[in-house]
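Single-structure report; data block below.
The values are calculated or read from the model by the stated rules, or taken from the named source; none is laboratory data. These numbers come from a predicted model, not from an experiment. Because the Cβ atoms are built from the backbone with ideal geometry, glycine has one as well, and the counts that use them run over all protein chains shown. Heavy atoms of the whole protein, side chains included, go into the accessibility calculation; ligands, DNA and RNA do not. Shrake-Rupley method; radii C 1.70, N 1.55, O 1.52, S 1.80 Å.
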Amino acid sequence: QKDQRNVDLAWQKAPNAVGYNIRWGIAPDKLYQTYQFWNDQANTFELRALNVGVPYYFAIEAFNENGVSGVSEVVGIK
């Protein structure tokens, strides 16, 4: 987006998922921030919580009553 504090995120829904944890942070191994979505919500999200000039990294994990999946591939933006 024009405003560097915002980013549009989208993901493919997983079969049998109850919801998703969107994880982000300032390094691939420091994804300390999380936003949780339920599977009946849209699979897109406008995150409006970033700092200007800082690279960010994102990953997603699905969950259901059996537990949490592994974390997806980490994707970075600058």
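Could you give each residue of the range 31-41 its phi-based ³J(HN,Hα) in whole Hz, using Karplus coefficients 6.51, -1.76, 1.60 with θ = phi - 60°, and x for Gly or Pro?
In residue order, the calculated couplings are 8, 8, 8, 9, 10, 10, 10, 8, 5, 7, 8 Hz.
As a test of reading the structure, rank TYR35, TYR56 by solvent-accessible area (1.4 Å probe, protein chains only), most first.
Putting TYR35, TYR56 in descending order of accessible area: TYR35, TYR56.
What is the sum of charges, Lys and Arg at +1 and Asp and Glu at -1, for the other residues whose Cβ falls under 12 Å from the Cβ of ALA42?
-2
Leaving ligands, DNA and RNA out of it, report the carbon-plus-sulfur percent of the accessible area of the chain at a 1.4 Å probe.
It is 48 percent, rounded to a whole number.
Considering the values (1) 15.0; (2) 13.0; (3) 14.2, which represents Kirkwood radius over Cα pairs in Å as calculated for the structure under consideration?
Only one listed value fits the structure, namely (2).
For the chain, what is the charge dipole size about the Cα centre, in debye to the nearest 20, if Lys and Arg each add +1 at the Cβ and Asp and Glu each add -1 at the Cβ?
300
When Lys and Arg each count +1 and Asp and Glu each count -1, what net charge do the other residues less than 12 Å away from TYR56, Cβ to Cβ, add up to?
+4
Leaving out same-chain residues fewer than 8 places away, which lysines sit with a Cα under 25 Å from that of LYS13?
Of all the lysines, those that pass the test against LYS13 - Cα under 25 Å, at least 8 places apart if same chain - are LYS30.
How far, in nm, would the chain grow between ALA42 and SER69 when pulled straight, counting 0.36 nm per residue and subtracting the alpha carbon separation?
Result: 7.8 nm gained on full extension.
Straight-line reach from LYS2: which aspartates and glutamates have Cα under 16 Å away, leaving out those fewer than 8 places along the same chain?
Once the sequence-local aspartates and glutamates are set aside, what remains near LYS2 is GLU46.
What is the distance, in nm, between label points placed 7 Å from the Cα along the Cα-to-Cβ direction at ASN51 and at GLN1?
With each label point 7 Å from Cα toward Cβ, the separation is 1.9 nm.
Suppose all protein chains stay in the model; what accessible area per residue would a 1.4 Å probe give for the chain, in Å²?
Counting only protein heavy atoms, the per-residue value for the chain is 69 Å².
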